[in-house]
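Reviewing the structure listed below.
The values are calculated or read from the model by the stated rules, or taken from the named source; none is laboratory data. Remember, it's a predicted structure, so these values are computed and weren't measured experimentally. Heads up, the Cβs are rebuilt from the backbone with ideal geometry, glycines too, and the neighbour counts pull from every protein chain shown.
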Amino acid sequence: MKGFIFDLDGVIVDTAGYHFQAWKKLAEELGVSFTLEDNERLKGVSRARSLEIILELGNIRASEAEKKVWMQQKNEDYLEYVNRMDRQELLPGVLSALQILKDRGGKIALGSASKNARLILEKTGIMPLFDAVVDGNDVSRAKPDPEVFVLAAAQIGAEAPDCVVFEDSVAGIRAANVAGMTSIGIGDAGTLHEARRVYPGFTEIDIPAFFE
Ligand code: B16
Ligand code: MG
């Protein structure tokens, strides 16, 4: 039995732009300059760590209570974008890849840092294709810690060497490697050089070959 574990943001959908808009709004209110380049550092990391990075950029010290309010405010703004999402936002080739994996008897799990993962799977209509969903609500340690992928593999009943992980972040590739799973990078080959293999996107991957 083969298990296939998908990261969400940057692999299934590209929500980085929405995270950016919502963080930028907060950053402006706090008087912090926050660019698209800074946003790269937020990919794959938790909401709390993302806020810390922004506060570091602005040299701002804040109480836990303030941080909580700001994270909530950012998330409410982010959810306005998420609530408008639909199937068209699935990245090219993703739906067909999920369907081929399912048709061949593969088990499919999500392994994401996002606490909004379930809502995004619902909005894009692909929730029924998943056998398990492990997200930011289920784990206490962020990637590169392998916790999220180990939990996902356990939920689909797959052994680590039988699992393939699709990831767009360096931290996620490291997490998959530490877990002893086959890491497949989605994105730039130079950035993701620690992955077993890297593809620009799902349209370039020969999905049936995973079963040979
Ligand atoms: P939320 P992934 C990650 O998703 C994003 O890449 C990262 O930018 C975000 O901060 C994190 O989810 C938490 O998201 O605020 O929705 O809980 O790539 O792990 O699917
Ligand atoms: Mg990602």
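For residues in the stretch 5-19 being within 14 Å of Ile186 (Cα to Cα) and in contact with a Gly (Cβ under 8 Å, 6 or more places away or on another chain), which is surrounded by the most Cβ atoms within 10 Å (Cβ to Cβ)?
Ile5
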### Task
Report yes if some residue within the stretch 63-76 is within 16 Å of ligand 2 (Cβ to nearest atom), touching a Lys or Arg at 6+ places or on another chain (Cβ under 7 Å) and not small (Gly, Ala, Ser); otherwise report no.
no
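Here's the yes/no breakdown for (1) within 20 Å of Ala22 (Cα to Cα); (2) surrounded by 21 or more Cβ atoms within 10 Å (Cβ to Cβ); (3) modelled with pLDDT of 95 or more:
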position	(1), (2), (3)
Ala62	yes, no, yes
Leu79	yes, no, yes
Leu91	no, no, yes
Gly125	no, no, yes
Arg141	no, no, no
### Query
Could we say that Gly136 is of a type outside the set (Phe, Trp, Tyr) and more than 20 Å from Arg197 (Cβ to Cβ) here?
yes
### Message
For the condition crowded, with 20+ Cβ neighbours inside 10 Å and of a type outside the set (A, V, I, L, M, F, W, C), what is the one hit in Gly172, Gly190, Gly136?
### Response
Gly172
### Task
Spot the failing condition for Ala209; the list is (1) farther than 25 Å from Glu89 by Cα; (2) in contact (Cβ under 8 Å) with a residue 60 or more places away in the chain; (3) out of contact with any strand residue (DSSP E or B) (no Cβ under 6 Å at 6 or more places or on another chain), and only one is missed.
(2)
### Answer from Leu110, Leu95 - the residue that is within 30 Å of Gly125 (Cα to Cα), in contact (Cβ under 8 Å) with a residue 40 or more places away in the chain and in the same structural domain as Glu204 (by TED's automatic domain parsing)
Leu110
### Task
Residues being part of a loop (DSSP other than H, G, I, E, B) and either within 20 Å of Glu147 (Cα to Cα) or modelled with pLDDT of 95 or more (or both): count how many of those fall in the stretch 195-212.
6
### Query
Residue check: is Glu194 touching a residue at least 12 places away in the same chain (Cβ under 8 Å) and among the acidic types (Asp, Glu)?
yes
### Message
Regarding the stretch 110-117, can at least one residue be identified that is surrounded by 19 or more Cβ atoms within 10 Å (Cβ to Cβ) and more than 16 Å from ligand 2 (Cβ to nearest atom)?
### Response
no
### helices (runs of 4 or more DSSP H) wholly inside the stretch 1-111 that include at least 2 residues being within 19 Å of the chain's Cα centre (by Cα) and of a type in the set (Ser, Thr, Tyr)
64-82
### Summary
If you go through Leu151, Leu192, the only one that is within 16 Å of the chain's Cα centre (by Cα) and part of a loop (DSSP other than H, G, I, E, B) is Leu192
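I need a count of the residues in the stretch 1-52 that are out of contact with any Cys (no Cβ under 7 Å at 6 or more places or on another chain) and within 16 Å of ligand 2 (Cβ to nearest atom).
28
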